[in-house]
Protein chains: 8
Amino acid sequence: MSDKPLVGILMGSDNDYEVMVEAALALKSFGVPFEMMVSSAHRTPERTATYVRSARGRGIKVLIAGAGAAAHLAGVMAAETTLPVLAVPIDSTALQGLDALLAMVQMPAGIPVATMAIGKAGARNAGLFAVQILSVADESLAQRLADYKVQLVAGVEVKAKALAERMVKDGI
Amino acid sequence: MSDKPLVGILMGSDNDYEVMVEAALALKSFGVPFEMMVSSAHRTPERTATYVRSARGRGIKVLIAGAGAAAHLAGVMAAETTLPVLAVPIDSTALQGLDALLAMVQMPAGIPVATMAIGKAGARNAGLFAVQILSVADESLAQRLADYKVQLVAGVEVKAKALAERMVKDGI
Amino acid sequence: MSDKPLVGILMGSDNDYEVMVEAALALKSFGVPFEMMVSSAHRTPERTATYVRSARGRGIKVLIAGAGAAAHLAGVMAAETTLPVLAVPIDSTALQGLDALLAMVQMPAGIPVATMAIGKAGARNAGLFAVQILSVADESLAQRLADYKVQLVAGVEVKAKALAERMVKDGI
Amino acid sequence: MSDKPLVGILMGSDNDYEVMVEAALALKSFGVPFEMMVSSAHRTPERTATYVRSARGRGIKVLIAGAGAAAHLAGVMAAETTLPVLAVPIDSTALQGLDALLAMVQMPAGIPVATMAIGKAGARNAGLFAVQILSVADESLAQRLADYKVQLVAGVEVKAKALAERMVKDGI
Amino acid sequence: MSDKPLVGILMGSDNDYEVMVEAALALKSFGVPFEMMVSSAHRTPERTATYVRSARGRGIKVLIAGAGAAAHLAGVMAAETTLPVLAVPIDSTALQGLDALLAMVQMPAGIPVATMAIGKAGARNAGLFAVQILSVADESLAQRLADYKVQLVAGVEVKAKALAERMVKDGI
Amino acid sequence: MSDKPLVGILMGSDNDYEVMVEAALALKSFGVPFEMMVSSAHRTPERTATYVRSARGRGIKVLIAGAGAAAHLAGVMAAETTLPVLAVPIDSTALQGLDALLAMVQMPAGIPVATMAIGKAGARNAGLFAVQILSVADESLAQRLADYKVQLVAGVEVKAKALAERMVKDGI
Amino acid sequence: MSDKPLVGILMGSDNDYEVMVEAALALKSFGVPFEMMVSSAHRTPERTATYVRSARGRGIKVLIAGAGAAAHLAGVMAAETTLPVLAVPIDSTALQGLDALLAMVQMPAGIPVATMAIGKAGARNAGLFAVQILSVADESLAQRLADYKVQLVAGVEVKAKALAERMVKDGI
Amino acid sequence: MSDKPLVGILMGSDNDYEVMVEAALALKSFGVPFEMMVSSAHRTPERTATYVRSARGRGIKVLIAGAGAAAHLAGVMAAETTLPVLAVPIDSTALQGLDALLAMVQMPAGIPVATMAIGKAGARNAGLFAVQILSVADESLAQRLADYKVQLVAGVEVKAKALAERMVKDGI
């Protein structure tokens, strides 16, 4: 795998960085090269459209969009490309991400967007889902994903053991 | 007032026509010339952007967007113009317009969109609100709006009288 | 442009000031004179009605209402004037602004109110939307709005660059 | 009890009649004289305020307001009187009465409104609650309310018996 | 007015005291004698029913119930009396009072409960509404309520003046 | 197993019969004797409490409550017994069962109620869950439940086969 | 009662421990032996299924599942056993437990899950409900539950007295 | 492209067929071979797990899950595979798909599921999104997706023209 980015992560505001870095970290842990930047659907529509239109040509395989409030970023990106677009709703308003979730997930027929959970869990999963997409044509990634699933099991077992010890300590 | 359109009404789908015609009828009743067309934020982003970017230059003063589901149309339009954009959320999914409402009203700072009620009442009001905007620089429209308010009162009085008669008839 | 106020901002409670000052600051940054005061739909209905009825006559062109809870202020103002009324729902109860949003946006046909996002973003946008309304008949404001859009783009680019540097520093 | 109305029922639209007549029928069944009319918070604010301000002086003891959508009627009435105001949210929009409920129940401190259930059950209960208020100073009404409670029990017993028979018939 | 309680305030848990004391303070400010206690619909159904059944006989004219979560207290009380029951939903769970609101306001036809806003505003208004009910047969309370409305206006005017000064200071 | 009822099903209104009969049919299919009747938390609190208090003594092992709106029935029953109480929220208002669901599921600590899905699926499952409870001390019921699970699998397989045929017919 | 666990408590993540320990404490206070562990529906499906399938054989009578977000744990467990499964939705996302609640309570017909309130109250009640289930075939537990109800009453009375004293102290 | 299925569509119930056939039709229109069957997360967990575990080995590249209510199907599938899993929430309960949406989209970190809109639009988009995933490694599919986007534009233009004619006919 070369260093040319395969995944492009866009976020609507630099305030979204702490959430979206989870997607970056997921990709990094699988050795998948990516690029990440701020670009707004509303404040910089040209910047966003230009980036997205050229993405497939530059070798990008998957796009990830993180945005809050009336989160149009993913839909606007999907309108400009045939690459898969993953959406991460961000909890940045009084409505706690419900606005971003509905604005991302309820896309009309013809322009799909694949929505993840609100916030950090969703960003982490967007990174993992991008790896899953790439694994469709990359056996080594498929193997690493299988390894990751084994690690998830091991992680639960470690936590289960720690909890058992805590319960003994707590006298439960 | 010439026949050159002062208001541009866009709807995301021809299914939205029965709702959005209410905006057209409101404008018509005030003699405000308008144009109305289908253009989607997602399926025809270029068509939408081109229309909106040229609107102020062609003499359009107010834009109205009607859309359902993940209703990005108004936000996408507001991203491309400094004209006032009015939004009409349409109840076209299982979530009964709540998705369209939140996707329209929760716009981030910097790109205002003015949202009306879900459905026909909202479309009617978008037309009226466009007239109110135009009345800021058009005394005759201001006068017609004052007349309209008088008619609203009269309309209620007629209905109140009819109800009183119905109550007598019903023995209430 | 004289110093005579063109925009009137009302808020239902002095607790709403920290939100509504965003509308004032937006107007100020465009050099649009305004006035701002506390007046409640419920506690001072006379004060509110008197202010609103006289607004057009005193040269006010746009009204902005900020309120929380059962937020009737914008609707009550719209009932008394044909000026455009902009509404800012404020998150001041356990329901986090959903109550204020629905109480503002779901106006019946005939009495339009233009609703913005909940909270500070909405207040900022109410100020900007008032400028957009005024720009319909004021070329210099239209130009300043165009300049503002350029600044929004520049602002995103500055933040994008800062984020890129942060990512390098964080080793992402 | 004279025939002078003790309860005033207002509804925002004649479309609300089929719901609000339940309040009237409840009052009628207790022999409480009432008046009922259409008056809108938004279309006829003067008519509404004038009616409400004069209500106590004319001998009205309780006011009932039925409205849908951004249901401001009860709050606007409560702003103009110290009489108890009962509110009936009506399901007349895509949001199924949630908008009317929140616009009625979330009144700020200082201006109470007493909200009933959405729709016909709420209208019926508004009538009964008005009787309960009047019973505070009317022993005969208190007695009739006690009788009504006995009838409720009897009604359930009749239905319980009918259901038992239906179950036998259905072989349950 | 004697010192015999006219209003009975029940709360489902002592955790509700900080909210429900607002009702007590409202009654106290009008000189209306009341009693307030903890009694749960679920943990002490007998205590609650016994209290409520004897209330009218002991001279209580209005009952107020404050509860959170699956807030059955008001409904259970209304089932046992023909006195007016006022309900205050309390925000004590993850759902922020929406559960308590719906569990109180959606009472079926036949057993009215009058619901106030969630939390302290609602408790304050429950106290005021009880005074309004009592004022139906007590001219002096009606006068004090009229005075209270004048004070509300004065209070807004004081705050409006303070805000005007703050705006000058802030350079707005 | 004798014919003495082991499960008591209460519903708040005879309108709930078409939903609650699902619970009865589930019990019947397992040969579990039950009784079913109308009894309201609000209209017949005595009838409900008397029934519930005597239930354990009469050999009832599980109680099922079906109710809509402000659905207090299950909570009121749980307040009067230490038997397990299962709750079925019924969609009988404009809010589509969300009110009944929250009024049932959000019970405070100390008085458990076990809530099922809204409507017929929930009623069916309440019957099945009652059988599961009884199976804790009844091996033959445990065996029948195991058989039922096998039938569920077979049922899906039959439907899967029918769908495969339909797809061929439809040319999918 | 031997020390062999009668109740199995599973939680989807060790983060859920502070909530789920409430279930454990409830069981402990009734002397009901239990086991508690971490096992995820998604990360360790095998571990979960293996545990659940063997539960009845090992003498487990009731299962309790605590999980947040898309809380599938209870449903997945119910799919693998005919033992009663109790579900505790946990508030661990931006949506405050509404996601977990709906993912648990809305089970389809055929696979019942009994859902408790969101969070600690629900976990406490899951423990109590397990005791109620066991009491169906254990007279001594039935007696202890009756004692517990008496303690609940006494607890309210203590709190009521403390509140009365606080009110005197506060001058209410 | 051979006829060996590349996409596997599962639905929780045969009632979901009318929705999920949209996914099949989308795949068919792009010539992507697929298989579709009924398999429930709850009623046939083994059938589902067996199918999913073997999917990658049998050449399946993408999985699609359609389910309503407490829609665990997609999450359960994602727990058993590293293939991308797309989720289609189905509106099959009183809560209109909100339950299925939240049960699908709010997956915890580590086990991604990509959620589409509720209902037919979502099913159509799941099919298209599967094609987009496959296009990452299939240039001809990428070209067909580009063609499809051109058709979407043409489709809007046809509808726009038809609407323009209808408006002339309607005299708008």
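DSSP finds beta bridges in the protein assembly as shown, and of those with both partners inside it, around 5 percent are antiparallel.
Looking at the square roots a ≥ b ≥ c of the eigenvalues of the Cα gyration tensor of the range E:104-172, which shape do they give, rounded for a/c under 1.5, prolate if a/b is larger than b/c, or oblate? Because a/c hits 1.5 or more and a/b fails to exceed b/c, the range E:104-172 counts as oblate.
With a 1.4 Å probe and all protein chains left in place, how much accessible area per residue does chain D have, in Å²?
Numbers: 5500 Å² over 172 residues.
Accessible surface, normalised per residue, equals 32 Å².
Does the range F:7-137 classify as rounded, prolate or oblate by the C-alpha gyration tensor (a ≥ b ≥ c root eigenvalues; a/c under 1.5 gives rounded; else a/b over b/c gives prolate, otherwise oblate)?
Verdict is rounded for the range F:7-137.
Protein heavy-atom surface of the protein assembly as shown, 1.4 angstrom probe: 54% of the accessible area is carbon and sulfur, with nucleic acids and ligands not counted. With each label modelled as a point 7 angstrom along the Cα→C-beta vector, the C:Arg166-B:Ala137 pair spans 4.1 nm.
The mean number of Cβ atoms from other chains found within 10 Å of a Cβ in peptide G:118-127 is 5, as a whole number. Taking Lys and Arg as +1 and Asp and Glu as -1, the other residues whose beta-carbon sits under 12 Å from that of C:Thr81 total +4. Of all DSSP bridge pairs formed entirely within the range G:20-121, close to 0 percent run antiparallel. Seen through its C-alpha gyration tensor, with square-root eigenvalues sorted a ≥ b ≥ c, the protein assembly as shown comes out oblate because a/c lies at 1.5 or above while a/b is not bigger than b/c. Would you please state which residues of the range C:16-44 a label at C:Asp147 would reach in this model, taking the label point 7 Å out along Cα→Cβ and a backbone N cut-off of under 18 Å? Hits in the range C:16-44 for C:Asp147 at 18 Å: C:25-33. Inter-chain neighbour count for B:146-159: the average number of beta-carbon atoms from partner chains within 10 Å of each residue's beta-carbon is 5. What is the local net charge at D:Leu101, summed over the other residues whose Cβ is closer than 12 Å to its Cβ (Lys, Arg +1; Asp, Glu -1)? Its environment carries a net charge of -4. Per-residue shielding of G:52-61, expressed as the average number of other chain Cβ atoms within 10 Å of the residue Cβ, stands at 1.
Relative protection proxy for B:146-156, G:121-131, from highest mean packing down: G:121-131, B:146-156 (other beta-carbon atoms within 10 angstrom). Between F:Asn15 and E:Thr50, what is the FRET efficiency for a Förster distance of 30 Å, r being their Cβ-Cβ separation, to the nearest 0.05? The pair F:Asn15/E:Thr50 has a calculated efficiency of 0.45. Filter the trypsin sites (Lys or Arg not before Pro) in the range C:14-104 down to the DSSP loop ones having no more than 12 other Cβ atoms within 10 Å, then list what survives. Those that pass, being in a loop and sparsely packed, are C:Arg58.
Taken across both chains, chains E and G shield about 1600 Å² of accessible surface from a 1.4 Å probe.
For the range E:142-161 and the range B:110-170, what is the separation of their Cα centres, given in Å? Each part's Cα centre sits 33 Å from the other's. Of the GluC sites (Glu not before Pro) found in the range D:1-42, not one falls in a DSSP loop while having at most 16 other beta-carbon atoms within 10 Å.
What whole-number distance in Å separates the alpha-carbon centres of the range H:28-90 and the range A:64-105? Between the Cα centre of the range H:28-90 and that of the range A:64-105, the gap is 25 Å.
The values are calculated or read from the model by the stated rules, or taken from the named source; none is laboratory data. None of the values given here were measured: they were computed from a predicted structure. Cβ: placed from backbone, ideal geometry, glycine included. Neighbour counts: every protein chain shown. Remember, those area values only see protein heavy atoms, side chains included, never the ligands or the DNA or RNA. Shrake-Rupley method; radii C 1.70, N 1.55, O 1.52, S 1.80 Å.
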